[in-house]
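Enquirer: Quick one: the structure is below, and I'll ask about it shortly.
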Amino acid sequence: MKVKACRETMVSFCCPKYAAIFVFLAVFVFLFVLFNMDFLEIQHKGIPTFPVPRRHLTHRLCSFEPLSPEDALEERLLLDSIAWPETPSLPAPLSLEQTTDPAHSRFTILPEMGGQQWHIGDQLEVMIKMYDFRGRPKKSGGDVLLARLHNRTLGAGVAGKVLDHLNGSYSAVFSLLWEGSAQVEVTLVHPSEAVTVLKRLNREQPDRISFQSVFRSGSVSETTTCNVCLRPTEQPQCNFTDLTTGEPWFCYKPKNLSCDTRITNYNGGYKGKLEANEEKLFKSGINMKVSIRASGSSSVTVLPKNKDQPEVKSNIVQSGPVGYYYKDAWQSISGPTVRQFNTPSVINQCLKGKMVHLYGDSTVRQWFQYLNKALPDLKQFNLHSSVKVGPFVALNYADNILVTYRFHGPPVWSTSVPAIELHYIANEVDRLVGGANTVVVIGIWAHLSSFPTEIYIRRLQNIRRAVVRLLDRAPDTLVIIRTGNPRALTPFFALINSDWYSLQRDKVLRAMFKGLNVHLVDAWEMVLAHHLPHNIHPPPPIIKNMINVILSYICPQKSS
Ligand SMILES: *[C@@H]1O[C@H](CO)[C@@H](O)[C@H](O)[C@H]1NC(C)=O
Ligand SMILES: *[C@@H]1O[C@H](CO)[C@@H](O)[C@H](O)[C@H]1NC(C)=O
Ligand SMILES: *[C@@H]1O[C@H](CO)[C@@H](O)[C@H](O)[C@H]1NC(C)=O
Ligand SMILES: *[C@@H]1O[C@H](CO)[C@@H](O)[C@H](O)[C@H]1NC(C)=O
């Protein structure tokens, strides 16, 4: 694959007569570099020259130089920090026999002998042991697991933290936050063998979602393929790389039209390919998003806090959750108290005099739509824009409230949108004056999941730079970032927007904005902890809780 991509590049740059010699030389040089990569890296050690060697980017397709040595270093540290355990490779064609089987796997509440009394404030630890389809214990890690503790009757739920012991067993740790019964739920999202496939797809087929653009001038019209990176062919390309941010975007050049006649952008379908039998790794109900059963009891009874008794902490040090549901309302642990904004007048009162700018994907659009629906006096102005992509503007003249929404820059999976409406968030933020009346909300994750993580890192670095500039010139501006969330997985969506992709990007997002004066809406925990099924577009009860979190940042409870 690597060699093939390299050859394609070379062929397009020399005449066919010398192609064979050139290809031979190119392949030779490429292989030489490849096999001496470690050697080159060792040579660089001790001499802190930049840019650092980017060993993660040994693939040709979709590799861009970071914008600065600092960016390159951060990229490398981030990629190291999210490195996923390798899974032993299996003989082809793939058989499920040696892959993780949720039906054979079990979890156990610790201590195994029982007899423990649980109190509010304690930590509950669960040991999860994975087995393959033959019933043999797994010996390596890398399975994607989600864990939740809940009680439907109490409207209570909290996300657990999962730790991979890399030997086929995992721990899940939960904070005990409510009194009464609490039930453990552990879900296998993907066997580790599926992650191997997901990794490879992003490396080798970052163009498996095809984007198309119509170019038009007068009566001449042509459609070509576009992407963050295109496979080199003999066809010339139009370079739509954003001059301010350096965000890459390319289209094959239309034959009879110039590059500046681009009119629209749309999703031209899925072109990904799996190897033989790999689709077996993505079967709903068999090995994708399947609950794992308990050996023994799956629930505990939590007693009130006992002042005299020391809290039970798990053996594994883990940061706790940021919040939990109780009576179906999100309670914050690490942020400001979440207030309930139940009527239009309370929301209006909070937003009075504010300009709220929402930037990002459809999961941020949901918030625009929620406010627009919840507030009768907030009127959406008809910009005749795309229903899915916007932009949108809504106004309440009397209370001087402005709410805007704009989609993030490409890649955008959507029906046709005018190319001219594709704006990068960083550029939009750079055009804001900011101040105490300005609220900026950013959410970008799902549309970047089928690309190498480097693309997402670069995008966030650009957005962060713009946010830092905004907070420098107007420190009173409130900036809120939405994280990604788990979704319902079909075999199709698993290959482009798996929770594993989202989880990895989520870690990058959190690290990227750590230490800045920005606030998070932890959509990941808020969806995971809730009893409703995972959905890329969380259903109304979760959106309402998210809006309460946002409004609580804008209008925190006055300390009495
Ligand atoms: C795996 O590692 C954990 C943590 O070190 C340990 O408690 C557990 O016993 C190990 N499991 C197996 C099957 O070796
Ligand atoms: C929820 O908690 C209540 C009170 O402890 C208990 O009676 C009930 O059985 C629990 N429900 C579930 C589904 O665990
Ligand atoms: C595309 O344009 C950008 C900005 O002008 C430039 O830095 C980059 O090298 C160009 N890429 C290609 C492949 O021509
Ligand atoms: C380009 O123009 C030529 C001459 O008018 C025409 O034959 C050809 O079909 C056009 N190509 C495309 C891709 O529209």
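The values are calculated or read from the model by the stated rules, or taken from the named source; none is laboratory data. Computed from a predicted structure; not experimentally measured. FYI the Cβ positions are ideal-geometry reconstructions off the backbone, even for glycines, and counts take in every protein chain you see.
Enquirer: Going through TYR252, TYR266, TYR270 one at a time, which residue ends up being within 16 Å of ligand 4 (Cβ to nearest atom), within 29 Å of ARG200 (Cβ to Cβ) and either surrounded by 15 or more Cβ atoms within 10 Å (Cβ to Cβ) or modelled with pLDDT of 90 or more (or both)?
Expert: Of TYR252, TYR266, TYR270, the one residue that is within 16 Å of ligand 4 (Cβ to nearest atom), within 29 Å of ARG200 (Cβ to Cβ) and either surrounded by 15 or more Cβ atoms within 10 Å (Cβ to Cβ) or modelled with pLDDT of 90 or more (or both) is TYR252.
The rows are residues; the columns are (1) within 16 Å of ligand 2 (Cβ to nearest atom); (2) out of contact with any strand residue (DSSP E or B) (no Cβ under 9 Å at 6 or more places or on another chain); (3) under 23 Å from TYR131 (Cα atoms); (4) basic (Lys, Arg).
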| site | (1), (2), (3), (4) |
| --- | --- |
| THR233 | no, no, no, no |
| TRP249 | no, no, no, no |
| SER258 | no, no, no, no |
| THR261 | no, no, no, no |
| ASN287 | no, no, yes, no |
| PRO310 | no, yes, no, no |
| GLY323 | no, no, no, no |
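Enquirer: What residue, of GLY155, GLY121, is away from ligand 1 (no atom under 16 Å from the Cβ), within 27 Å of ARG487 (Cβ to Cβ), in contact with a strand residue (DSSP E or B) (Cβ under 9 Å, 6 or more places away or on another chain) and not polar (S, T, N, Q)?
Expert: Being away from ligand 1 (no atom under 16 Å from the Cβ), within 27 Å of ARG487 (Cβ to Cβ), in contact with a strand residue (DSSP E or B) (Cβ under 9 Å, 6 or more places away or on another chain) and not polar (S, T, N, Q) holds for just one of GLY155, GLY121, which is GLY155.
Enquirer: A further question on this structure: Filter region 197-236 down to residues that are surrounded by 17 or more Cβ atoms within 10 Å (Cβ to Cβ), over 30 Å from MET288 (Cβ atoms) and touching a Leu at 6+ places or on another chain (Cβ under 7 Å), then give me how many there are.
Expert: 1
Enquirer: Report, ordered by the first and then the second residue, all pairs with beta carbons closer than 8 Å, sequence separation of six or more or different chains, a first member in region 539-560 that is under 17 Å from PHE368 (Cβ atoms), and a second member that is in a loop (DSSP other than H, G, I, E, B) and polar (S, T, N, Q).
Expert: ASN548/GLN340
Enquirer: Residue under question is ASP377, and the condition is that it be crowded, with 21+ Cβ neighbours inside 10 Å and acidic (Asp, Glu); does it hold?
Expert: So ASP377 does not fit the description; no.
Enquirer: Additional query: Does ASP122 meet the test of being under 22 Å from LEU281 (Cβ atoms) and away from ligand 4 (no atom under 16 Å from the Cβ)?
Expert: no
Enquirer: Being within 24 Å of LEU471 (Cβ to Cβ) and touching a Lys or Arg at 6+ places or on another chain (Cβ under 9 Å) is the filter here, so list the residues in region 525-549 that pass it.
Expert: If the condition is that a residue be within 24 Å of LEU471 (Cβ to Cβ) and touching a Lys or Arg at 6+ places or on another chain (Cβ under 9 Å), then MET546 is the only one that fits.
Enquirer: What's the number of the condition ARG482 fails, among (1) of a type outside the set (Ser, Thr, Tyr); (2) crowded, with 21+ Cβ neighbours inside 10 Å; (3) more than 11 Å from the chain's Cα centre (by Cα)?
Expert: With (1) of a type outside the set (Ser, Thr, Tyr); (2) crowded, with 21+ Cβ neighbours inside 10 Å; (3) more than 11 Å from the chain's Cα centre (by Cα) applied to ARG482, the lone miss is (3).
Enquirer: Okay, next question. Determine which member of the set SER385, SER314, SER362 is more than 15 Å from ILE550 (Cβ to Cβ) and without any contact (Cβ under 8 Å) to a residue 60 or more places away in the chain. Write out each step before concluding.
Expert: Numbers: SER314 fails: without any contact (Cβ under 8 Å) to a residue 60 or more places away in the chain; SER362 fails: without any contact (Cβ under 8 Å) to a residue 60 or more places away in the chain.
From the options SER385, SER314, SER362, the qualifying one is SER385.
Enquirer: Still on this structure: Can you go through LEU177, LEU198, LEU188 and tell me which one is more than 28 Å from GLY269 (Cβ to Cβ), more than 16 Å from ligand 4 (Cβ to nearest atom), within 19 Å of the chain's Cα centre (by Cα) and of a type in the set (A, V, I, L, M)?
Expert: Sole residue among the options that is more than 28 Å from GLY269 (Cβ to Cβ), more than 16 Å from ligand 4 (Cβ to nearest atom), within 19 Å of the chain's Cα centre (by Cα) and of a type in the set (A, V, I, L, M): LEU188.
Enquirer: Of all residues in region 160-188 being assigned to a loop (DSSP other than H, G, I, E, B) and among the hydrophobic types (A, V, I, L, M, F, W, C), which is nearest to ligand 1 (Cβ to nearest atom)?
Expert: LEU166
Enquirer: Of all residues in region 180-196 being crowded, with 18+ Cβ neighbours inside 10 Å and within 16 Å of ligand 2 (Cβ to nearest atom), which is nearest to ILE457 (Cα to Cα)?
Expert: Here is the first cut: in region 180-196, the residues crowded, with 18+ Cβ neighbours inside 10 Å are 182, 184-196.
Narrowing further to those that are within 16 Å of ligand 2 (Cβ to nearest atom): 182, 184-186.
Values: ALA182: 38, VAL184: 34, GLU185: 32, VAL186: 30 Å.
Among those residues, the one meeting the criterion is VAL186.
Enquirer: Here is a check on your reading of the model: is TRP367 assigned to a helix (DSSP H, G or I), crowded, with 22+ Cβ neighbours inside 10 Å and modelled with pLDDT of 95 or more? Steps first, answer last, please.
Expert: Values: assigned to a helix (DSSP H, G or I): yes; crowded, with 22+ Cβ neighbours inside 10 Å: yes; modelled with pLDDT of 95 or more: yes.
Spelling it out, TRP367 is indeed assigned to a helix (DSSP H, G or I), crowded, with 22+ Cβ neighbours inside 10 Å and modelled with pLDDT of 95 or more.
Enquirer: What number goes with the only condition from (1) farther than 30 Å from PRO66 by Cα; (2) of a type outside the set (D, E, K, R); (3) over 15 Å from the mean Cα position of the chain (by Cα); (4) not in a loop (DSSP other than H, G, I, E, B) that PRO533 does not pass?
Expert: (4)
Enquirer: Could you list, in sequence order, the residues of region 320-359 that are in contact (Cβ under 8 Å) with a residue 24 or more places away in the chain, over 24 Å from THR404 (Cβ atoms) and of a type in the set (Ser, Thr, Tyr)?
Expert: Selection gives TYR324, TYR325, TYR326, SER332, THR337.
Enquirer: So how many residues does region 128-159 have that are part of a strand (DSSP E or B) and surrounded by 17 or more Cβ atoms within 10 Å (Cβ to Cβ)?
Expert: Step one: list which residues in region 128-159 are part of a strand (DSSP E or B), which gives 128-129, 131-132, 137, 144-151, 156-159.
Those left that are additionally surrounded by 17 or more Cβ atoms within 10 Å (Cβ to Cβ): 128-129, 131-132, 144-151, 156-159.
The number of residues fulfilling the criteria is 16.
Enquirer: Taking only pairs six or more apart or across chains, which ones have beta-carbon atoms under 9 Å, a first residue in region 147-167 that is more than 14 Å from ligand 2 (Cβ to nearest atom), and a second residue that is basic (Lys, Arg)?
Expert: Listed pairs, sorted by first residue: ALA147/LYS161; ALA159/ARG148; GLY160/ARG148; ASN167/LYS138; ASN167/LYS139.
Enquirer: Exactly one of these conditions fails for VAL338: (1) closer than 30 Å to CYS238 by Cβ; (2) within 30 Å of the chain's Cα centre (by Cα). Give me its number.
Expert: Against the list (1) closer than 30 Å to CYS238 by Cβ; (2) within 30 Å of the chain's Cα centre (by Cα), VAL338 comes up short only on (1).
Enquirer: Tell me yes or no: at least one residue of region 186-207 is touching a Ser or Thr at 6+ places or on another chain (Cβ under 9 Å) and within 21 Å of PRO111 (Cβ to Cβ).
Expert: Checking region 186-207: at least one residue is touching a Ser or Thr at 6+ places or on another chain (Cβ under 9 Å) and within 21 Å of PRO111 (Cβ to Cβ).
Enquirer: Mind checking whether some residue in region 502-523 is in contact with an Asp or Glu (Cβ under 6 Å, 6 or more places away or on another chain), part of a loop (DSSP other than H, G, I, E, B) and of a type outside the set (S, T, N, Q)?
Expert: Scanning region 502-523, I find no residue that is in contact with an Asp or Glu (Cβ under 6 Å, 6 or more places away or on another chain), part of a loop (DSSP other than H, G, I, E, B) and of a type outside the set (S, T, N, Q), so the answer is no.
Enquirer: Right, another one. Can you tell me how many residues within region 384-410 are outside any strand (DSSP E or B) and buried (at least 22 other Cβ atoms within 10 Å of the Cβ)?
Expert: Within region 384-410, residues that are outside any strand (DSSP E or B) and buried (at least 22 other Cβ atoms within 10 Å of the Cβ) number 5.
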